[in-house]
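Please read the structure below before turning to the comments.
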Amino acid sequence: METLDTPMGDMSLESAARQHLLGSGKWAKFLAIIGFIIIGLIVIVALFAGYFLSNLSASMGGMGGGSTVMITAVYLILAVVMFFPTLYLLHFSNHAIQASTMGNVASLTAALFNLKRCFRFIGVLYIIYLSLVVLFLLLAIVGGNIF
């Protein structure tokens, strides 16, 4: 297998690994851009959902004003939570593309650091989610709503 023309410190990447890194960086950039677009749409929905729901509730006698504020808050919190892994993914993509095209060890290190941050953030979210599922399941069992 061939190695890079530019050794990366103590390590050299084969051209296939370099191409995989470049491809991963490009796909990560695409996913990050789509992620930021989705975050923007969530923020827009959060800002206008309260308005539309308050008008709907006024005409139908449904939800109160507190419910619309709660829905807006949930959507804004969702947007903030999505922002950080998307930002880390964008940083990974920029550094991965730079590392693969220029053979820069510092860029490769920064790319892997941001990828680790993205995975760690998502992993912590999964732990929180699974903990809440277990907690609610236990509360439902203790409360007598299940079984």
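With the highest mean first, a sort of the peptides 81-90, 36-45, 120-129, 22-31 on other beta-carbon atoms found within 10 angstrom per residue produces 81-90, 22-31, 36-45, 120-129.
Ordering HIS95, HIS20 by the number of other Cβ atoms within 10 Å of each residue's own Cβ, fewest first, gives HIS20, HIS95.
The numbers here are math on the coordinates, done by the rules we state, and not lab data. Remember, it's a predicted structure, so these values are computed and weren't measured experimentally. Cβ coordinates were reconstructed from backbone atoms using ideal geometry, including for glycine residues, and neighbour counts include every protein chain displayed.
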